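Structure, as structure tokens:
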Amino acid sequence: MRKYQQETVTMPYKIMAVDDDAGILDSLKVVLQRAGYGLDCYTNPLEAIEKLKTDHYDLLLLDFIMDPLHGDQVVEKIREFDSSLYILLLTGHKDLAPPLETLKRLDIQGYCEKSNELNQLLLLIESGLKSVEQMHRINEISDELQAKNDELEKAYLDTIGILRQTVEAKDLYTRGHSDRVSEYSILIGKALNLSDEDLHTLKIGGLFHDIGKIGIPDSILLKEAKLDDEEYSQIKNHPSIGAHILGDVTMFKNIIPIVLHHHERFDGRGYPSQLSGEDIPLFARIAAIADTFDAMTSKRSYRNALPLEVVIEEIEKCSGTQFDPKIAPVFLNILKNEYSKIKEIQENTKVRF
């Protein structure tokens, strides 16, 4: 096959045609140029595939029966790196048209029989480019909405963050607690090979897990002596209060299980819902051990921080009762073999023992 000479034409849309018959390409180029479209032509489908890997095209006209690859084989290779390219398959005869299942499987938008009369093909091209334009606009709108959603999420995060900091600012001994729970939860999530999206949920959930304490009286939150039964029952309301605070904000729906259930116990003796085992949401089970660890390793008005060896013994003892027996060993491994990461988190949140 002879090398087809390229011409550089600047047009609103980029169209490529691939056919091992150079005469067909000549005819297509003339017709499309008359209609105001530019066309890049290739007689070698392998060269065309390499070009599509590096350059953007809006529409591809592709011959079905070619050497060395048939059109469906070309599309299979293209779909490995480009799932959105609009493709029209050209066939020499209707009996040679690809099966409908092939068109659907490879997301080929249409096919057209070759003929000396190219008006039908031109109509298909114009229809295809209108679809491409609509998709471009949809993507632009989606990007604009995502940007607005990101701005809105930041505004909500900032607002709720102020409430969170208001809670922690009341008590010298709990400052930085939510930040540490967030970071410890992420460490556990990474060790469990959770996705980036899940790690983001753990991060935000950890930051806001105690937001409900904004609704607990200071006389209880700041009490240095042991709480009586009535006071403790009020403290136990903070997960439900937190879930209520965040409940009307759609973007926080994924973290509400953390906020609501981080005080559940694996044996079902926790609160507020007495869930047990894997009925407790996974992220809440992760946050529960992170929350308890920080409570044990933080200085309180009534005691000093517990030594690491004591904390490790307590977590080992409570695995299967208070903590998920699959998650506790993961966190224990971090404490025993990667404790530098824990110390770094504590240092960054200005904890002093």
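The values are calculated or read from the model by the stated rules, or taken from the named source; none is laboratory data. Treat the numbers as computed from the prediction; the structure is a model and nothing was measured. Virtual Cβ from ideal backbone geometry, glycine too; neighbours counted across all protein chains shown. Surface areas here come from the heavy atoms of the whole protein model, side chains and all, with no ligands, DNA or RNA. Shrake-Rupley method; radii C 1.70, N 1.55, O 1.52, S 1.80 Å.
Taking amide H as placed 1.01 Å from N in the peptide plane, the amide H of CYS112 sits under 5 Å from that of LEU89, LEU90, THR91, each at least 5 places away or on another chain. Close amide H pairs (under 5 Å, H built 1.01 Å from N) link TYR86 with LEU60, residues at least 5 positions away or on another chain.
Using 0.36 nm per residue, how much length does the chain from ARG303 to GLN120 gain when fully extended, once their Cα-Cα distance is taken away? Mind dumping the intermediate values first?
On the way: separation 183, 0.36 × 183 = 65.88 nm, distance 8.39 nm.
So the extension gain works out to 57.5 nm.
Annotation for segment 240-345: trypsin sites (Lys or Arg not before Pro) lying in DSSP loop with at most 15 further Cβ atoms inside 10 Å of their Cβ are LYS253, ARG269, LYS299, LYS326.
If each DSSP helix of 4+ residues adds -39,500 (n - 2.57) and the sum is divided by the residues in the chain, what number results at 222 nm, nearest 500 deg cm²/dmol? Could you put the intermediate results ahead of the total?
Numbers: 15 runs with 189 residues, N = 353.
When only DSSP H runs of four or more count, the value is -17000 deg cm²/dmol.
The simple spin-label model puts a point 7 Å past each Cα toward its Cβ; for GLU50 and ALA225 those points are separated by 8.4 nm.
Shown here for segment 53-131: chymotrypsin sites (Phe, Trp or Tyr not before Pro) in loop regions (DSSP other than H, G, I, E, B) with at most 13 other Cβ atoms within 10 Å, namely PHE81.
Helix 22-34 and the longest principal axis of the Cα set of the chain meet at an angle near 80°. PRE reach from LYS154 (point 7 Å along Cα→Cβ): which of segment 184-211 fall under 19 Å by backbone N? Taking a point 7 Å out along Cα→Cβ of LYS154, the residues of segment 184-211 whose backbone N falls under 19 Å are 200-201, 204.
Whole-Hz Karplus values for segment 258-272 come out as 5, 4, 7, 10, 6, 10, 6, 10, 4, 8, x, 9, x, 9, x Hz, taken residue by residue from phi with 6.51 cos²θ - 1.76 cosθ + 1.60 and θ = phi - 60°; glycine and proline positions read x. The Stokes-Einstein estimate for the chain, based on a Kirkwood radius over Cα pairs and taken at 25 °C with 0.890 mPa s viscosity, is a diffusion coefficient of 98 µm²/s. Taking amide H positions as modeled 1.01 Å from N, with prolines and chain starts lacking one, the residues under 5 Å from PHE323 and 5 or more places away or on another chain are PHE266.
For the chain, give the percent of accessible area contributed by carbon and sulfur heavy atoms, probe 1.4 Å, rounded to a whole number.
On the way: 9500 of 19100 Å².
Carbon-and-sulfur percentage of accessible area, whole number: 50.
For segment 282-351, the equivalent ellipsoid built from the Cα gyration tensor has semi-axes of 19, 14, 12 Å, listed from largest to smallest.
Restricting things to alpha carbons, find the Rg to Rh ratio for segment 127-223 using the Kirkwood radius for Rh. Could the numbers behind the result be given before it?
On the way: Rg = 19.9 Å, Rh = 16.3 Å.
Rg/Rh: 1.22.
What full-extension length gain, to one decimal in nm, is calculated for GLU80 and GLU113 as 0.36 nm per residue of separation minus the Cα-Cα distance? Don't skip to the end; give the middle numbers.
Working: separation 33, 0.36 × 33 = 11.88 nm, distance 2.63 nm.
That pair, GLU80 and GLU113, stretches by 9.3 nm at full extension.
In plain terms, the C-alpha convex hull of segment 271-313 casts an average shadow of 4.0 nm² when viewed from every direction. Angle between the Cα long axis of helix 339-348 and the longest principal axis of the chain, 0 to 90 degrees, nearest 10? Relative to the chain, helix 339-348 is tipped by roughly 80 degrees.
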